[in-house]
Each structure stands twice: as structure tokens, then as C-alpha cells.
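No value in this document is a laboratory result; all are computed from the given coordinates. Keep in mind the model is a prediction, meaning the values are calculated, not measured. In this analysis, Cβ positions are derived from the backbone assuming ideal geometry, glycine residues included, and neighbour counts consider all displayed protein chains.
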Amino acid sequence: MASSIITFLHSAMYDLASLQDKCPDDLKQSEFVILRHRLRNLKTFLLCTRKLGRDVHLQGDETSDNKDRSLASLLVRIKEAVSRNAQKIHTYRLSLEIGFCMDVIDEVDKFQADIESFDEVINEWYITFSDYSWQSTSPAEVLDIIDSVQDNLAEFLIMPIHNDFVVNQIEDLGEKIKLLRSFIPFAVLAVLTSAEHRQLGDLLAHIEAVVTETAHLTAQHTLTKSYLFEMVFGEKWWKGMPEEISLLLQRIKPIDRRVCEIYIQALVSLKLSKQLDIGNLGLNDNTGIIMMDFIDFLLFVLWELLQLDVGLAVSWKDQMQELAEGLRYLRTSLKNQQNKFNESIREPTRVLICDAGIIIFSLYQNDVKVDHELTNLLGKIKLLREEVDEKVPETSTFNLPKTNQLGFIDFLLENLMELINDEAYSFSWSQVQAIHGELVCLRSFLGEIVEFHDEQEQLRVLWDRIMEIACRVELAIEQLVLGHAGDSLSAPFDSIINDISIFKADFSKILPGIKKDIKVQDVVWTSSHVQPQGHSLIADEVVGLEFEVAPIKGRLTRGSKQLRVVSIVGMPGLGKTTIATKLYNDFTVKHHFHVHAWSTLSQEFNKKKVCLELLNGIVPNKHFAMDEVDLAEELRRRLKGRRYLIVLDDVWDIQAWNSLAGSLPNDSNGSRIILTSRLREVAPAALLDAEPHFLRQLTIDESWELLQKKLFHGISCPPELHELGIKIAEKCKGLPLTVVTIAGLLANTRLEVWHGVLESLSSGIVSTTEQCMNTLELSYKHLPDYLKPCFLYFGAFPEDTVISVRSLILLWISEGFVRKSEFKSLEEVATDYLMDLIGRSLVMVFWKRSIGGVKACRVHDLLHDFCLTKAKEENLFLLLRGYDELSAFHKPCRRLCIYSTQKHLKESKLFSPRVHSLLFFDQTEWYEQTSLDISFILRSFQLLRVLNIRQINLGPVFPDEIELLVQLRYLSVHGEMDAIPSLLGNLSKLETLIVFSSRKVSLPNTLWKLQRLRHLYIRVDPFGFGFSLPTENLDNTPRLHELVSFSGAIISSWKLMESQLKKFPNMRKLKCKLFEYDDVDPEICVEIMVPESLSRLESLNLSLFDENRKHIDFEFHLPANLKKLTLSLFRLPWAKASVIGKLPNLEVLKLLTDAFSGESWDMEEGEFANLRFLKLESLDIVRWTACSDDDQFPNLQKLVLNYCPKLEEIPCCLENISTLEVIEVSSCWEGISSLVEQIQEVQTDMGNSALKISISHVSKSS
């Protein structure tokens, strides 16, 4: 009977869905939702009764007083109610062609009332089920119940549940039931004896009991009108649910010994079965999928065991990690190599899976007999891998990056010295010291043969043997750090020392022959005419493209007043982005438009990202917390009524345009949109002002001109290079990207390299894109070894990402890519590396700093593709995209980059304990408000040196498990936490700490233990919260001598400021906010005293948080070494600007929102002698004058005036400054525009025709 009722239910739910779609009243649609939800729960109950319906005892005696309570009677009444109401609903659905009838709402209410009338008796039957034996249930019946229960849980998750904990619990229960379900099809694969069937019956009984209790849970919390109201506005509806779910989860997990025994006995029976039952349930084509699903279940169980840390033997831990990798391998192979899993391999694989399950569940019981069986199992998995893959890596060097291997050894030597000096570890100091000494000698030898080791077989073998030794040393250190070294701490070191002795004996025999074979190479010849790589090579050269820029510029500033799209189309490397950049930054173009914004789309379109980038170009840093819909509407609002220029770079299809069109209003005011694309039809033809502008390839002459400009910078090409250079230019096939890449390769190289480049470019007939990739390969080959990992690291970031230079160089340093220098800091050396890559045209500058240097950078799409491919070849890092790659991941690697979502990361149960770096980039298109508990990451990746999870929301709690990452050097996180645990102090190697939080963060007193900390950034939302330093017992805490940059601090007491800052004697960069409180006397002058001990401070950013806006008199005492100063909200009188003007080394001054207050700034003589950049923004100044026209700002290069609407006068001395390069004016009185234009005229008459001015958003009155 239950089956016939279910047929009626399916029909009714289909009809209800159709009626809901047509219902014109949104409020009434909830009626359909509630009824469908209740019908699903009713279906689940009916599935649970199918077997009981055959039990005469449980059917009850229909002649007794309990007739209404008997199961048979209940089913009859349910069938009558469902069939009657379903027929009525079906009639209304058939009449939809005529129109929607609101009378159906009444019928839905009646249907719901009839179903609700069964709630009490259904609840009683669920209680009866809990006491019933399920031995005779078939696997198919259990699977049906599981599928129905999963539908019910999924229904909860689409409701607006405003409680992350409940959502996470429901998701967790659904996931666990899904994994438990995989046990049944796996068991059905085998042909079982009667005894084995009994063991399977125990398993099915356990699973069905758990699932039936879950069905009872969903039935108790099924939706009603009142529940739906509470779901949206309250919490009563789920009261008690978390506790019930917790109990159910405990019954699934094998923590309970009885549950473990059920699982083990079932697997033992399955293992003993002699063959697969391929024909059973039509499994012929699904055996691989079934085994994959069950492996997922075992990986979950193993992962949970590793998180529990239940006192497992040290010898087991490494083997369990190896077992996890082996199971992931089997899962991946079953998916990708099904053709190799024939009958001869499929059955051994099934048995291996059974063995793995038995061992894993036995480990929960700490069964000591498992040790030998686990070792045997790992051996069998390896043999199977050999049969499937035909090869398995034989040494530990397979995980070693193939690039910059000398840098790897240098980093290893540093770690050894740290280990020797660390008193926390007890080991044979003499052994580690001896290994360190031997590695120093081996490193010296490698340095001598680095240029030749690929040319001779003997040298290559020696090199590989040394790297093998280095890998083993690193592994021994890691085991020691994690406490996995076993009982004898000296054992791994004894073996290594013995191997080094053997190597030295072999080496001494062949050394004479090596010395004889290695000859002195040709003398390096470098043209004195080629400008060396350096910081001056930031400017872009445009050759051949100037003829492309002019006509497009006219299309932007003239023509129709309607919104028009200007499309620039061409193959990769032709300069589409370069032209768009030139147009975007052109002063005439900028002056023509009110608003300018830029976004790079890339192949994987993300609407939220694009809207956010465009809004940041209009109003920076104000929209991060908005969702996609709000961002799109805010963008439309910000553009409405204004003439705007939007650049959409790298558009791949018209769907991207269609998605953004609603945010780009057409107000008939001459707005323009520039699209760059490889494809022609990426915007509606009606919006195009003309045919797309197709870029042509450069002529040979233009290619040669561009090559000369990049190489010689205006100096004539030496005659001996002229003919050779023209031939190289010709081989670039007119691609600007190839030309500039080749220029970066040829600069500062010997003459024979030029011949080699020409020869490489001349070989083969390839397409232009292939030619460009071949050029990149050639350029990469000639990079210094230490630059190769730095370059390839750009591939770790998502395509088209604009990368903060500060973050990039800190990552490079933490990864060990940057070599120590006697005369420069690590940050300075890393900056030199970046400028070298820019000089070689491998990296593009995106934003420049105030006075030169680079603030943000990126790489071209083709270079990004090259970096990804080459990084994989060189074992530098591994990229995983989406859930499929995450769940299939099994290979060990040193660095792991993940492009996915928080949900997929959690579900993947990722486990790879040898990973040293983890970078996560969220691919969710909306703001992720649900937090993720990352404790599983911290427990699973304890060797991490770099952890960048800024795009994961940690929520309000910073996990205590952070203390496990004792090797950590770089940590970047994001959340809503207000405190960081004191356990942070255990991270003795931490060098960079970056925290993004929406709340004020309190740092623990253990901060002072981080003696290697160099950079501390606590970044906050636009409302300006930050972090407070620990204040306890300051006099008795150590100083942080290594700290050089410090950003986001809240100084809550003027008296504390000086004592706190004294703790950082070598600080170079400081950004903090001063809080003013009511107990500050406005009549007293408050001294802002930067301690004299901060003699190295170069950059200072101070702002005041004064909610009451009381006028307080401040007096600044600033260090003479200061080069950059930013002030805001102090409302100082302009007379006190003289204190700043007398700073002898000041180069950059930014006076932002209310930094000073008053109408007149009268500068005194001789001030700001070295100032190169000055910005005045959001000030109430009216007159700005200077007492002298001759000695003010003698070195000023750039002046920015932004939102100073009252400003009427600027100093005449600006006309006489020969160094002046740029003046930008925005949102000021139009009279200032005239004064600036007058300055430009005078400067031009003086011979400074290079001065550029930019004027926008001027007002008619001051």
C-alpha cells in the first residue's frame, strides 16, 4: 500500500511545483513550499513502513480498540487523504492553460490540514521503529530511505536559516549520511555466503536505524505556517535540533566501539567473499563509481581519526598519511584510468579497499596488531600502482622543485642553524653540526658546477645524489619538528652521515676527471650601450601603436552623445591592453570624462569582482561587504547622470556584457566603454560606434624600433649589433609582447647569446602564439636561477590578478626565494628581483608609488599560462581547481594553490602533511558570510611555512590550533575576530602576520615572544577599527628588534604611545590611529612624541579618531630621518605645518581629511627642501601662499589637489619649479583649473614641455 501512496505523492508534488511557478502572489507561494515539504516527509515515513506493513503483529488487530492506531488502518487513511487531495490539485494544474485560479490556495490549505492530522500518530510510529529489529530489510529499501532523508535535509538548507551553527550541523549530517550510504552498494558488489549475509544484515540494521532516526528528526521539524514565520524571524522552530543531530553523528562515527565492530565485521565478510557479483543490481558499468564512493567514506573516517589525535603510536602517523595518499590515488585512478582496471585488477582493488577499511576502523580501537598489517597494505598499494601506472618515483627528490635548487640548499642550511640554536629540541648536537658542515662543502661544489651540470652525465648524477641527501636532511628535520622521529632521535641523522661518507668516497675517485673536463667558458661580453636593468625601466614603450591610439581617442571624445562601445580586437600579445591603458591615462581623455574605472574580466567571468573593481575606481574601499545584486545597483547609481569612461579588459563572450549592461546607464551625455578582446562579437552591434578596431601586427621596421627603444633607451644601436638585431626583430613576427620579452632577454648578455636567440627564433614554422610561448621559454631559460621561482610564482595567483608588491615580496621571502645580502635587507633584495623581472618585460607595472617604485603589478595572460605550465613541470607548486580536483588530489607537493570555495575545501577533506605553502583563492561570486572552521587545515598541514587564507572567513574565533604550525613564517587570515589567542606566541619563526577583521582586534601579551616578526598588519573595514597592543608589564617585556613595518594599531593613550613604540627600535614604517577620550583636557597641548629610538623610521601615517570633534592642541616631535608622512583628522592650525616643512629628508607628504584646519597656509622660507610629492585632500583651505618664489619645493615632482572646494589661491612659486612633472586637480573650484593651466604655460615657456596636468570634476563656485 505504501508504494501506491508514494505514486500519488509524486504526482501531487509535480502539480504543486507547476502551480507555484504560476502563482502571481509571492506571499502565497510559501503555501506551496510548506505543503511540498510535508509531502516529502510523508514519503520518507511511508518508505520506513514498507517492511513493517508485512508484519502482522505490527499491523494490529482491526477489530480491537486500537484499530485507529494500527499501521494498516493508518495507511488506509493516509491513502484516502492523499489520493483525494492529489486529484483536486491535479485538476487545477490541468486548468493552468485558462489561467491561475486563486481558489487553489484554499485547496492547498485543506491538503495541508489533512496531512497535519497524522502528525501525532506518525511520531508515535517513529518511536515504535526505534525499538524494532531491522534484520530483514533489503539493501534497496535502505537506499530508498536514505535518498528520501537526504532530500528532506536538502530542503532545510534552501530555507532562510539565520544561524550558521545549525546550517553547518545540517550540512554535516547530510554529508555523513551520504558517505554512510556508500557502504551499501560496496557491500552488494560481493557474492556472500549465508554467514556473511548475517554480518551484512547487522550493518544494514545499523544504517537503517540511524537513517530512520534522522527521518524522525526531519518529521518533528517539518514546516508549518508558524514554523516558516519562526524560520525567518526567530529560532524556536529548530530548538533542540543541534543536540539531536550531535547524537546522530555520534552513531555514524566509529568512535563507539560497537559501531566499529559492526563496520569491521562487515568488511571482513566482504573481503572473504570470492568474487564480484557484477550482474547484481545492474552494477556492470558502475563498479568503479561504487568503489570510489566507498573510498570517500574511508577517507572521511581516516581524516576524522587524524583530527582526533587519540594517542596513536608515532610509527603509525606517517603510515596513515601514506595510506591517505594511497586511497586518494586509488580513487583518482578508478576515475581516470578505468580502462586499466580490468577484471584482473578490479578484484584486488576491492580487496585492498576492504583491508584499508578494516585497518582504519581498527586504528580507532588502538589495536596494536594493526602495525604489521598496515605496512603490508601499503606495500600492496604500491604494487598495484606499479601495475596501473607502470612506474612509481623511487626517491624523495620527486617532490623537490627543479628550479633554484641551490636556493633550496641555502634555505635548508638556514633551517639547520636554527635547529642547532633552538634549545626546545633534544638531539645529538654534534651530528646536526656535522651534517651542516658537510652540506656547506657540498653546496660549495654545486656552486662551481651549476653552469655545467646539465652538460655532463657524471655531473648530473653527482648533482642528483647531493639533492637526494639534502631532501633526506629536510625530511629528518620535519620528523623532528612534528615529533615523528620515533624513539631514537639520532637514527635518521646516523643514516644521513653514513650516506654522506659513501658519497664522498665515490666523489673522490672521479673528481680528477671532472676537473679535467670542465673548461673555462668564453669571456662574457656585455655591450656598454645596453642600459642595465634597474628601477628606471618602468615606463612603457609604444611603437607602431601610436597610429592606433589617435583614431580611437577621437571616437572616445567626439561623436554621438549616446552611450557607445569602442571595441579593440586582436590576437594575444598585440598590445590591446597597452593601447587601452594609454587611452585611459591620457590627460585629454581623463579631462573629458567625469568618472573613470577599469576592470579586467578574464575567461572565468565573475560579476561581483568586476562590479567591485569598477566601484573601487570611482569610490575606493567602500563596498567590500556588499553582495552581487547590491554592487550592480550601486554601480548603476554611481554612474547615473555622469559622463563616464569604463574599460572592460579581456572580454571573452557577450554573456559578460549582458550581465553588466544593466549597471551601465545611457544618459545621452557621451559616455564611452572600451572593450578589449581576442574575439569580435563581445558586445551588441547596436552599441558599437563603428566596426571593432582590429590591431595589426608590427612591421619589421616597427619591431626593430621597439626593440631598440627597450634595449638602448634613445642611444644609437652599436654598428656590430645592427644587422643581427634587425634579423631578431623580424623573427618576432610583429608581436609587441614577443619583442619586449626578447629585449628583456638580450639586455646585459654576451654577444653569443644574441646569436643563440636568433637561432632559436629561426627554428621551425609555428603560429604567432606558439612563437610567443617559445620566446617565453627562451627568456625563462636565460633567467638567473634565483629569479625563476619568483617569476613562476605569479602563476599561483588567479589570471589577471593585480598583485600588491608588498604582499608579493613578503611571500617570496617566506618561501625562501630571496637570498640574504650583507648590505641590503631581504625586502630590498626582493624589490631588486621584481625590478629585474620588470626590466626583462616579464612583469607589468599596474600602479606606481608616489615617488617612483611599483605599488602593484601583474603579468600578461600568456605569461600567466606559461608560469602555470612551467611551475607544474618544475614542481614549484600544484594548482587545484574546484571540488573534483580537490577530492582527487593525492600527490605529495611542496606548495599548494587552491581556486575553489569554502564549501568545497571543507568537503574535500584535503590532507597532504608535506605541504609547506598553502594559498587559497575563493571562487565564490558572492561575499562569503558563512564562516569556516579551519582547524582541520591547521591539524592536517603542520609543516606550513606560508598560509594565505585571506579569502576564507574564519568568523569570530581565531582557532587555537594555530600553535601547531611551528614552522610558519607567513600568515594572512580574515574574519570577524576581536582577539588572537595567546598561543600565537608559540610561532617562534613567524615573520609576517596579516589579519583582516571587521572588529577591533586585541593582540595577546605573548606577541613579545615573536622575536623574528618583521611585518605586522591588522587591516580593517572602512569604519576604521584596528588592533590594540598588549599593555601589561611593558617594562619587563622584550623588544621586537626585527619588526620593520607596523600597520593598523590603535593607540588609546597618549602616555602609552611612546612606551609602546620603544618596543620596536628598528621600525621603518608605522601606521596607527590615535583615540581621543573624554578625560583629555582641551586646554592642554598634547605632544605626539615619536621616540628618538626610532631613528630608522622612514614612513609614518597618523590619524585621529575624535568622535566628539573637540579641538585639541597637538605638538608633533618627528624623527629627522622621516621620508614619508601622512596625516588626517588632527585639525591642526596651518602655522604648525612649519614643523613638518623643516624635516630634512621628507620626500612624500599627504595631508588628508582635516589634517589641518583654517583658511590660510602661508609657507615660510626654505621649507620642504627635498619634497617630491605633495597631496592635499578634503581640506577647508582657501589661500595657499609662499613667502618666496625661489626656494620653495625645489625638488617637487607631483602635486595632487583633491576635494578642496574652497581653495582659491595656490603659490606662484609652482611656476618656477623645474622638476615638476604632474599636477592633478579634482573636485576643486574651476578657478584653480585656470591657475594650473597658467602654470603649465609658464613651465612650457621655460622649456618644461613634459609637465602634464589633469583636471576633473571642477565646480563653478568656491
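Tabulated data for the structure shown
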{"read-out": "Nonlocal amide H pairs with LEU1100, under 5 Å, H built at 1.01 Å", "value": "LEU1070, LYS1124, LEU1125, THR1126"}
{"read-out": "Residue-wise HN-Hα coupling along segment 981-990, computed from phi with Karplus coefficients 6.51, -1.76, 1.60 (Hz; x: Gly, Pro)", "value": "x, 5, 4, 4, x, 6, 8, 5, 9, 5"}
{"read-out": "Highest average packing first - 816-827, 404-415, Cβ atoms within 10 Å", "value": "404-415, 816-827"}
{"read-out": "Segment 776-900: translational diffusion in µm²/s, Stokes-Einstein, Kirkwood Rh over Cα pairs, 20 °C, 1.002 mPa s", "value": "140 µm²/s"}
{"read-out": "Hydrodynamic radius (Kirkwood) for segment 700-863, which is based on Cα pairs only, to one decimal in Å", "value": "16.8 Å"}
{"read-out": "Of the trypsin sites (Lys or Arg not before Pro) in segment 619-720, those whose Cβ has at most 14 other Cβ within 10 Å and which sit in DSSP loop", "value": "LYS622, LYS640, ARG680, ARG696"}
{"read-out": "Total lysine pairs whose alpha carbons fall under 25 Å of each other in segment 761-906 (8 or more apart, or interchain)", "value": "18"}
{"read-out": "Highest average packing first - 1161-1167, 952-958, Cβ atoms within 10 Å", "value": "952-958, 1161-1167"}
{"read-out": "Solution diffusion estimate, µm²/s, Stokes-Einstein, segment 546-694, Kirkwood Rh from C-alpha pairs, 10 °C, viscosity 1.306 mPa s", "value": "104 µm²/s"}
{"read-out": "For segment 948-1031, convex hull of alpha carbons as volume per residue, Å³", "value": "81 Å³"}
{"read-out": "Whole-Hz couplings from phi, Karplus 6.51/-1.76/1.60, listed for segment 462-479; x for Gly and Pro", "value": "4, 4, 5, 5, 5, 5, 5, 5, 4, 5, 5, 4, 4, 4, 5, 5, 4, 4"}
{"read-out": "Spherically averaged projected area in nm², based on the convex hull that wraps the Cα atoms of segment 1156-1210", "value": "3.6 nm²"}
{"read-out": "Equivalent ellipsoid semi-axes, segment 830-928, via Cα gyration tensor eigenvalues times 5, rooted, Å", "value": "30, 17, 12"}
{"read-out": "³J(HN,Hα) computed for each position of segment 167-176 - Karplus, 6.51 cos²θ - 1.76 cosθ + 1.60, integer Hz, glycine/proline x", "value": "4, 4, 5, 5, 4, 5, 5, x, 5, 5"}
{"read-out": "Among 966-974, 1044-1052, the order from most to least packed when residues are scored by Cβ within 10 Å on average", "value": "966-974, 1044-1052"}
{"read-out": "Cα extents of segment 1123-1262 along the three principal axes, largest first (Å)", "value": "38, 36, 23"}
{"read-out": "Pairwise centroid distance, computed over Cα atoms, of segment 843-894 with segment 674-735, Å", "value": "26 Å"}
